[in-house]
Amino acid sequence: MSGWVAIAGLGPGDEALVTPEVQAALEAASDVIGYIPYVKRVAPRPGLTRHPSDNRVELDRALHALQLAAEGAKVVVVSSGDPGVFAMAAAVFEALEKHPEHLETEIRVLPGITAMLAAAARAGAPLGHDFCAINLSDNLKPWSQVEQRLRMAARGDFAMAFYNPRSRTRPYQFGEALEILREECGPERLITFARAVTTPEEQITTVTLAEATPEMADMRTVVILGNSATRRLGRYIYTPRSAL
C-alpha cells in the first residue's frame, strides 16, 4: 500500500502563517485527523474525510492515523502551532513504539510556527537569548515536576515560554507558578500575556511579575517571562543577545 502519515502544524491561528508545505500535504490528503477545533480549520472538500476527536485521546488518534495509512490512506494529523511542541508528533511516535508493525509507514513531520514564536514576534524579541518552553499542565506529569522545572529555569536565568497556563479544571496552579517565579526572579521581572495571537481576538499585555494575576491567562494564552536582562524599549520588549 502507498499510504503515508504527515504530522502537520497549522500555525498559531492566522491562515497566512500556514506553510506552503503543510498546505500541499492537506491538498494531497485523503484523511485529516486531530483535535476538534484544529480539524475545523481544514476546509471540507470532495475526497477528504475529517476525523475530529477530543483532546484527551492523542494516542488513539495517532494509532488511527497509522492504521489508515496501512490501508493506503494519505493521512494528515493536524496540530496547532508546531506538531513537535507539546503536540501530536510525539504522540504518533509513541503509538509507533507501541505498535511496531507500523514501523515501515512513511511518516513526515511538517513544522509550523508556534504560538510561542508568534507571541514573541508580536511583543518584540523577548526570546532573543537562551530560553526554554514549559507546559504548565499536569495532565501528563506531576505538578511537583512542573514546580522543579520552573525553579531550575529561573535559577538558570532563562527566558521562559509557558503553554497551557490555566484552564477550568486547573484554575489555581498558575497562581502557584506566579508565586514561584516571584520568589525566584523578583517582582520586577517582565511577563507578557499573549492571548489568541494572530487572530482577531488577539490581546498582548506586558506587566511586571508583581502586577501579574492568574486571571490574565487562559488556555488560549501563551505567557512569556523575560530573563534578568529583558527590558522595555518604547512599546517593545526585548532580551539582548549580549550578556553585557
Practice problem: Please find, within the stretch 214-235, the residue that is nearest to Ala153 (Cα to Cα) out of those that are open to solvent by 50 Å² or more (accessible area, probe 1.4 Å) and not in a strand (DSSP E or B). | Solution: Ser228
Quiz item: So how many residues does the stretch 50-59 have that are open to solvent by 60 Å² or more (accessible area, probe 1.4 Å) and either at pLDDT below 95 or within 20 Å of the chain's Cα centre (by Cα) (or both)?
Solution: 6
Quiz item: Is there any pair with a first residue in the stretch 1-21 that is farther than 14 Å from Val76 by Cα and a second that is hydroxyl-bearing (Ser, Thr, Tyr) and part of a loop (DSSP other than H, G, I, E, B) whose Cβ atoms are under 6 Å apart and which are 6 or more apart or on different chains, and what are they?
Solution: Pro12/Thr198; Gly13/Thr198; Gly13/Thr199; Asp14/Thr198
Quiz item: Residue check: is Ala65 open to solvent by less than 70 Å² (accessible area, probe 1.4 Å), assigned to a helix (DSSP H, G or I), touching a strand residue (DSSP E or B) at 6+ places or on another chain (Cβ under 9 Å) and more than 23 Å from Met219 (Cα to Cα)?
Solution: yes
Quiz item: Can you name every residue in the stretch 140-171 that is closer than 19 Å to Pro12 by Cβ and either over 16 Å from the mean Cα position of the chain (by Cα) or loosely packed, with under 14 Cβ neighbours inside 10 Å (or both)?
Solution: Ala159
Practice problem: Quickly run through the stretch 90-139 and pick out the residues that are within 16 Å of Thr198 (Cβ to Cβ), in a loop (DSSP other than H, G, I, E, B) and open to solvent by less than 40 Å² (accessible area, probe 1.4 Å). | Solution: Gly112, Thr114
Quiz item: Taking Ala69, is it on the phi < 0 side of the Ramachandran plot and either without any contact (Cβ under 8 Å) to a residue 24 or more places away in the chain or touching a Gly at 6+ places or on another chain (Cβ under 8 Å) (or both)?
Solution: yes
Quiz item: Among the residues of the stretch 15-35, how many are open to solvent by 60 Å² or more (accessible area, probe 1.4 Å) and within 20 Å of Pro200 (Cβ to Cβ)?
Solution: 2
Quiz item: Which of the residues spanning the stretch 164-173 are touching a helix residue (DSSP H, G or I) at 6+ places or on another chain (Cβ under 8 Å) and either in a loop (DSSP other than H, G, I, E, B) or modelled with pLDDT of 95 or more (or both)?
Solution: Pro165, Arg166, Pro171, Tyr172
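The values are calculated or read from the model by the stated rules, or taken from the named source; none is laboratory data. Note that the coordinates shown come from a computational prediction; the quantities given were computed from them, not determined experimentally. Note that we place each Cβ from the backbone using ideal geometry, even for glycine, and neighbour counts take in every protein chain shown. These accessible areas exclude ligands, DNA and RNA; they are computed on the full protein's heavy atoms, side chains included. Shrake-Rupley method; radii C 1.70, N 1.55, O 1.52, S 1.80 Å.
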